[in-house]
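Structure, as structure tokens:
The values are calculated or read from the model by the stated rules, or taken from the named source; none is laboratory data. Given the structure is predicted, the values throughout are model-derived calculations rather than measurements. Neighbour counts run over all protein chains shown; Cβ positions are idealised from the backbone, glycine included. Side chains are part of the model used for accessible areas, which takes the heavy atoms of the whole protein and leaves out ligands, DNA and RNA. Shrake-Rupley method; radii C 1.70, N 1.55, O 1.52, S 1.80 Å.
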Amino acid sequence: MASSCSCNTVNFKAASFHPNKPLAPTPSHLLPTSKPSQLASISLRLNQNPLQTTHFRKSKAVPGFQVVASGQKGEPLRVMISGAPASGKGTQCELITKKYNLVHIAAGDLLRAEVAAGTENGKRAKEFMEMGKLVPNEIVVMMVKERLAQQDSQENGWLLDGYPRSESQATALKKFGFVPDIFILLEVPEEILVERVVGRRLDPVTGKIYHLTYSPPETEEIAARLTQRFDDTEEKVKLRLLTHNSNVESVLSLYEDQIVKVDGTLPKEEVFSEIDSVLTELLTKKGAAVGSLAA
Ligand code: AMP
């Protein structure tokens, strides 16, 4: 992505970073072994305008990490993304995973896979999903924890979508040692969410998400095979929104230092641009080679 655009080039000196409160002890391999002046300056190409950077700087907090020289492999990113149903999480997750090569773990997808497989957990989960309620922790927590613990998530980093959705889920994850570097919250007003949900359709062949009005399928053939999620009706989305609204504040309070709020009503490219600038800066602080990201 960065290689094909007319980008601004911003030079960061390692010594110019003033990290906010670190979330977790910095791994020893990220600590500088030489004097700050010996650290290489980092050349970072950003594909957004300066205003977007300003928005990021206004964001509540971004966790800090010691900066090491560009080109050195750092710790993988650990990202949580949250937002009401149809706030655009799915679209942003697709863009984020494409660029940052993170393992996308969506609690809703894991549950739908259980439902589709007809397992005991799936049958039980479906009852709650039909009501727009949270599936009990004894089903969700271990499912998510096990996926996070897999080798690909540990090596590439992870993007956790739709989890935690309650304080107890957040606490459980923390106990297992899974703490995010950043918590992205997509904000969208409720009336827009309902409209987005009701028109949302999925192409089961490509996995692409469409909207009958705003992002219609390209061909008749695709239109004919589109499916709708069983909980994407107006009645059910209202229940899901109630559940979301009653839980979101308690979850946010646990990630105060990691939260970055993004306006989810903006075009998807602009939403991604904001997220992208935050993640790139974070990754740089963690010491990864920005140039090694997928284009
Ligand atoms: P989503 O695909 O994120 O919109 O989730 C669809 C449904 O799956 C939700 O309405 C819940 O019933 C269930 N679900 C998803 N994530 C969780 C979670 N973290 N905890 C409990 N239930 C969940």
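Can you list the HN-Hα couplings for the stretch 134-148, worked out from phi with the Karplus curve (6.51, -1.76, 1.60; θ = phi - 60°), rounded to whole Hz and with x for Gly and Pro?
6, 6, x, 4, 4, 8, 6, 4, 5, 4, 6, 4, 5, 5, 5
When the solvent-accessible surface of protein heavy atoms is calculated with a 1.4 angstrom probe, in what order do L134, L242, L226, L212 fall, highest first?
Numbers: L134 55, L242 115, L226 30, L212 90 Å².
Ranked from most to least accessible, the order is L242, L212, L134, L226.
Calculate the spin-label point distance for E256 paired with V198, positioning each point 7 Å from the Cα along the beta-carbon direction, and give it in nanometres.
Here the answer is 3.9 nm between the modelled labels.
Based on the Cβ-Cβ distance from V205 to K268, what FRET efficiency comes out when R0 is 35 Å, to the nearest 0.05? Intermediate results must be reported in sequence, preceding the final value.
Numbers: r = 21 Å, r/R0 = 0.61.
Approximately 0.95, to the nearest 0.05.
Applying the Karplus parametrisation 6.51 cos²θ - 1.76 cosθ + 1.60 with θ = phi - 60° to the phi angles of the stretch 250-259, what ³J(HN,Hα) value in whole Hz is obtained for each residue in order, glycine and proline being reported as x?
For the stretch 250-259, the Karplus-derived couplings read 5, 5, 4, 5, 7, 10, 3, 7, 10, 6 Hz, x marking Gly and Pro.
Could you list which residues have their amide H under 5 Å from that of V260, counting only those 5 or more apart in sequence or on another chain, with H placed in the peptide plane?
When sequence neighbours closer than 5 places are left aside, the close amide H contacts are F183, I184, L185.
Given the pairs K208/K236; K89/K174; K174/K238; K99/K175; K89/K208; K99/K174, which span a C-alpha to C-alpha distance of over 18 angstrom in this model?
Working: K208/K236 22 Å; K89/K174 22 Å; K174/K238 30 Å; K99/K175 30 Å; K89/K208 13 Å; K99/K174 27 Å.
Over 18 Å Cα-Cα: K208/K236; K89/K174; K174/K238; K99/K175; K99/K174.
With a 1.4 Å probe and every protein chain left in place, tell me how much accessible area E234 has, in Å² to the nearest 10.
Surface open to solvent at E234 totals about 90 Å².
For the stretch 90-126 and the stretch 198-238, what is the centre-to-centre distance using only Cα atoms, to the nearest Å?
17
Taking Rh as the Kirkwood radius computed over C-alpha pairs, what is the Stokes-Einstein D of the stretch 162-295 at 37 °C in a medium of viscosity 0.692 mPa s, expressed in µm² per second? Mind dumping the intermediate values first?
On the way: Rh = 17.5 Å.
Reported coefficient: 188 µm²/s.
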